[in-house]
Amino acid sequence: MNILEANGESQGDGAKLVVKSGAKFGEPDALSEPAYKLVDYDLENYGEVILSGYRAKDHAVALINYGTIKATNINMTGKNGSAGGSIENHCKISVEAGLSLYNVSMYLAESTLLEARYMDAKEIECEMGNYSIFRITDLGDAAGNYLASFKSWNKIECKDSDYALLDFTQTKLLEGTLSLDGNLQLLGNLWKGNEFSKNLTLSGGSKQVDKNASIAIPAGDCTGNGNQGPTDPPSNPDYPIEVPNGSYYTFAMEDNWPAFGDYDMNDLVLGISSQLELGRSGNIDGMVLFVDLIAVGATKTLGAGIQFDKLSASKFSGVSVPASLFVNNNYFESAGNIEPNPSAAVLPLFDDAHWILSGSQERTMLNTSNTSKTFYPVRTIMYELTFAGGVSQDDLDMSALNFFIVNGGNTNNRSEVHLAGYRPTDRVKSETNGYIANDPNNSDKTMWGFIIPTEFKYAAENNSINDAYPEFSEWSISSGEQYKDWYEHPNMDHVFKPKETE
């Protein structure tokens with residue numbers, strides 16, 4: 001190897017370095033710091049490697065490890081943002097400072113450890129095996145540096161039967177998204193709390209956990225300190241404990257029920273996430289609901305609400321909503337509070353979607369036309385709810401939240417559009433009371449709204465949802481049995497493409 005004496009850096013230009021079993025590469029310098037830095041080398045290690053740095057500069061590199069690797073920094077970002085390469089770990093990789101990854105494919109085998117103090121990741125795809133650990137330890141600073149930071153899109157999955165662990169002390173999703181799928185546990189906190197929870201997608205059994213609920217992984221040569229897993233709870237824990245309530249959901253509706261209209265499903269597009277407050281009794285004492293108003297493709301006044309199908313109004317002890325959400329006061333009797341209906345409690349969300357998103361009551365389509373020069377930033381609204389005596393988490397599951405829009409009428413005689421199979425409120429127009437909007441038993445299974453567990457590229461104005469998503473019709477006709485991931489396969493010629501305001 002050609003070690004450059006000035007900085008101990010060796011340029012590999014795509015060459016491959018193999019460290020055999022029992023062998024050791026790299027020695028500490030006089031200050032007991034790793035002395036060697038490898039640049040543009042493929043590295044295949046079966047022994048022990050000690051480095052000051054490992055970097056992809058002009059070549060995408062392959063890092064394959066069956067032994068132990070200790071490095072001060074690993075930078076696999078490539079020159080000018082090119083692909084960094086791949087990591088395949090079958091034992092232990094420890095990075096004392098920063099791990100930088102761009103367009104890197106990763107495989108972390110069963111009962112292995114990849115750890116670093118902090119990480120910057122962009123467009124990584126990582127597959128993890130049973131009991132593998134991906135650990136980022138730093139708490140970060142006030143500016144959001146030195147933590148587990150993700151930009152653009154990122155995907156991590158575990159296809160095995162038991163869980164793998166993502167132990168990220170602080171996860172930053174300000175400029176990117178993180179999609180977790182399969183048997184994954186995410187341990188740690190989101191930077192700035194739940195503010196960017198919409199950028200985290202959990203599916204296939206993946207979940208956020210606290211330390212006491214995380215999987216136990218024994219310490220070992222390839223797992224380091226492992227993970228302690230469940231312990232006895234402290235005698236006086238701090239309550240309430242905040243826990244996430246499922247994934248980020250998108251709610252999309254057509255407002256012309258029972259007519260079809262243009263069937264673009266963009267008359268109202270909302271993003272929904274929530275967190276729950278767990279009390280000492282084990283029941284839920286409070287709920288914080290985040291609603292993102294994304295698009296209004298309607299030219300009529302639209303309101304929205306949630307009926308809590310498993311809760312009566314008496315179960316609520318308090319509601320806190322921002323001011324100025326209700327400008328018409330035509331659709332809901334208890335604007336800014338729980339509507340006391342006999343059958344189930346209703347939380348009014350707003351009564352004029354145009355006003356909320358644009359600050360105007362002009363009935364123009366907002367964020368649905370690809371020819372429009374104006375794009376309105378998403379408006380996020382927070383609703384804080386408290387419960388009398390606590391309620392069950394099952395009462396607040398997404399399946400028990402009956403989202404609906406209001407497209408006409410008044411407080412005691414309103415026109416509502418609900419998702420398929422959900423019942424109207426007690427205030428629905430008398431001529432439609434007694435049957436369910438979007439009856440799932442209609443002959444062609446047509447629906448006027450849906451909710452999906454992720455962000456969503458909705459149809460552009462005057463583009464049918466069937467054109468924007470070719471599998472949508474078959475999914476609908478099959479009552480959801482076929483093409484269950486239809487929303488992941490858009491025809492980009494027919495979806496709305498956001499742009500900045502000119």
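A few notes on this one:
- Cβ separations smaller than 9 Å between residues 6+ apart or across chains give the following pairs from the stretch 267-292 residues that are closer than 14 Å to residue 391 by Cβ to residues that are aliphatic (A, V, I, L, M) and outside any strand (DSSP E or B): 274/396; 274/398; 276/396; 284/396; 287/396.
- Looking only at the stretch 146-157, residues that are touching an Asp or Glu at 6+ places or on another chain (Cβ under 7 Å) and assigned to a strand (DSSP E or B) come to 5 in all.
- Some residue of the stretch 112-133 being without any contact (Cβ under 8 Å) to a residue 24 or more places away in the chain and of a type outside the set (Ser, Thr, Tyr): no
- Positions within the stretch 279-333 being of a type in the set (S, T, N, Q), under 29 Å from residue 377 (Cβ atoms), surrounded by fewer than 17 Cβ atoms within 10 Å (Cβ to Cβ) and more than 28 Å from the chain's Cα centre (by Cα), in sequence order: 299, 324, 328, 329
- From the options 76, 106, residue that is among the hydrophobic types (A, V, I, L, M, F, W, C) and farther than 28 Å from residue 218 by Cβ: 76
- Count of the stretch 219-241 residues which are over 26 Å from the mean Cα position of the chain (by Cα) and either at pLDDT 85 or above or assigned to a strand (DSSP E or B) (or both): 8
- In the stretch 381-415, the residues that are farther than 16 Å from residue 334 by Cα, at pLDDT 90 or above and among the acidic types (Asp, Glu): 395
- Boolean, residue 138 is touching a residue at least 24 places away in the same chain (Cβ under 8 Å), among the acidic types (Asp, Glu) and surrounded by fewer than 18 Cβ atoms within 10 Å (Cβ to Cβ): no
The values are calculated or read from the model by the stated rules, or taken from the named source; none is laboratory data. Please read all numbers here as calculations on a predicted model, not as lab measurements. Glycine also receives a Cβ, built like all others from the backbone with ideal geometry; neighbour counts cover every protein chain displayed.
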